[in-house]
Amino acid sequence: MNKRNEFFKAIIAGYAANPNIKGELADNVIRKVWSLADMAVYHENRVEGPKQRAKRWIRKNYVIVDTETTGLGNDDQIVEIAIIDCCGLTLLNTLINPQREIPAKATAIHGITNEMVADAPIWADILPQVVELIGESWIAYNAQFDDRMIEQSSSHVPENDFPILLGVPQCAMELYAEFNGDWDDYRRKYKWKKLAEAAKALGVPPVNGAPHRALCDCQLTLGVIRAIAEASND
């Protein structure tokens with residue numbers, strides 16, 4: 001908050017010295033300056049723009065992860081996971097038996113049924129491979145969600161110390177939000193967009209497979225990252 005106030009004071013002083021704002025309503029000026037101050041705070045410690053960040057992810061060949069789940073709650077579990085690298089190679093693509101019923105409302109979104117996962121491996125069997133593939137850093141379109149779901153599913157594995165096992169997640173949704181540049185004054189950050197919206201806006205070609213399945217979403221996420229890395233603007 002101190003940084004925000006400092007930026008506000010510096011910016012408002014510049015506005016006050018600008019003759020072009022004469023006649024502009026004071027409330028509008030104040031709102032605009034607070035917005036600029038929030039953007040300054042957001043960008044203060046970000047040394048890379050979205051394009052440079054996307055290029056680094058590709059250069060380091062980070063893996064891209066997507067999960068499908070029984071729901072969005074704090075006790076929901078993973079029913080599918082896919083992992084690809086930034087070259088497009090599929091490293092893992094498997095259904096998971098969550099050892100609980102998949103609600104109909106979840107099936108309506110991703111199409112995964114209880115019958116489909118009946119003979120699938122359980123999460124404990126897949127976790128060692130996931131840990132090995134993820135390494136020090138990994139990408140997901142909504143990294144906060146996938147990180148939480150991996151942690152929730154892993155919490156049921158005996159003697160699993162999740163925070164030590166997995167690397168730092170990088171969020172492709174935040175990457176696109178910043179690249180897109182649609183600032184949200186209320187949340188003080190760039191507006192998040194759904195993966196399908198981002199892919200469409202960037203002209204990412206459709207991928208094979210059903211929407212909202214893990215592998216398909218990984219491939220769309222890679223398309224978004226590549227499009228940002230190759231964009232003509234910075």
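Condition check ((1) over 19 Å from Leu166 (Cα atoms); (2) of a type in the set (A, V, I, L, M)) across all residues:
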residue	(1), (2)
Asp75	yes, no
Ile81	no, yes
Ile102	yes, yes
His110	yes, no
Ile122	no, yes
Asp125	no, no
Leu133	no, yes
Phe145	no, no
* Asked: Looking at Glu44, is it open to solvent by 50 Å² or more (accessible area, probe 1.4 Å) and more than 20 Å from Ile225 (Cα to Cα)?
  -> yes
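A quick yes/no check of all residues on (1) in contact with a Ser or Thr (Cβ under 6 Å, 6 or more places away or on another chain); (2) modelled with pLDDT of 95 or more:
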{"residue": "Asn160", "(1), (2)": "yes, no"}
{"residue": "Arg187", "(1), (2)": "no, no"}
{"residue": "Leu202", "(1), (2)": "no, yes"}
{"residue": "Val207", "(1), (2)": "no, no"}
{"residue": "Leu222", "(1), (2)": "no, yes"}
* Restricting the range 109-130 to residues that are more than 12 Å from Thr69 (Cα to Cα) and among the small types (Gly, Ala, Ser), which is most open to solvent (accessible area, probe 1.4 Å)? -> Ala118
* Structure fact -> Of those in the range 84-108 that are surrounded by 14 or more Cβ atoms within 10 Å (Cβ to Cβ) and touching a Cys at 6+ places or on another chain (Cβ under 9 Å), the residue nearest to Pro211 (Cα to Cα) is Asn93
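Residue by residue, here is whether (1) touching a residue at least 60 places away in the same chain (Cβ under 8 Å); (2) within 22 Å of Phe145 (Cα to Cα); (3) in a strand (DSSP E or B); (4) under 19 Å from the mean Cα position of the chain (by Cα) holds:
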residue: Arg53; (1), (2), (3), (4): yes, yes, no, yes
residue: Ile64; (1), (2), (3), (4): yes, yes, yes, yes
residue: Glu80; (1), (2), (3), (4): yes, yes, yes, yes
residue: Lys105; (1), (2), (3), (4): no, yes, no, no
residue: Asp119; (1), (2), (3), (4): no, no, no, no
residue: Ala124; (1), (2), (3), (4): no, yes, no, no
* First in the range 136-154 and touching a residue at least 40 places away in the same chain (Cβ under 8 Å), second anywhere and small (Gly, Ala, Ser) and surrounded by fewer than 19 Cβ atoms within 10 Å (Cβ to Cβ), Cβ under 6 Å, 6 or more apart -> Ser137/Gly167; Trp138/Gly167
* Given the range 131-234, what helices (runs of 4 or more DSSP H) lie entirely inside it while holding 1 or more residues that are open to solvent by 20 Å² or more (accessible area, probe 1.4 Å), of a type in the set (S, T, N, Q) and in contact with a strand residue (DSSP E or B) (Cβ under 6 Å, 6 or more places away or on another chain)? -> none
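The values are calculated or read from the model by the stated rules, or taken from the named source; none is laboratory data. All values reported here derive from a predicted model rather than from experimental measurement. Glycine gets a Cβ as well: all are built from the backbone with ideal geometry, and neighbour counts include every protein chain shown. The area values use the complete protein model at the heavy-atom level, side chains included, leaving out ligands, DNA and RNA. Shrake-Rupley method; radii C 1.70, N 1.55, O 1.52, S 1.80 Å.
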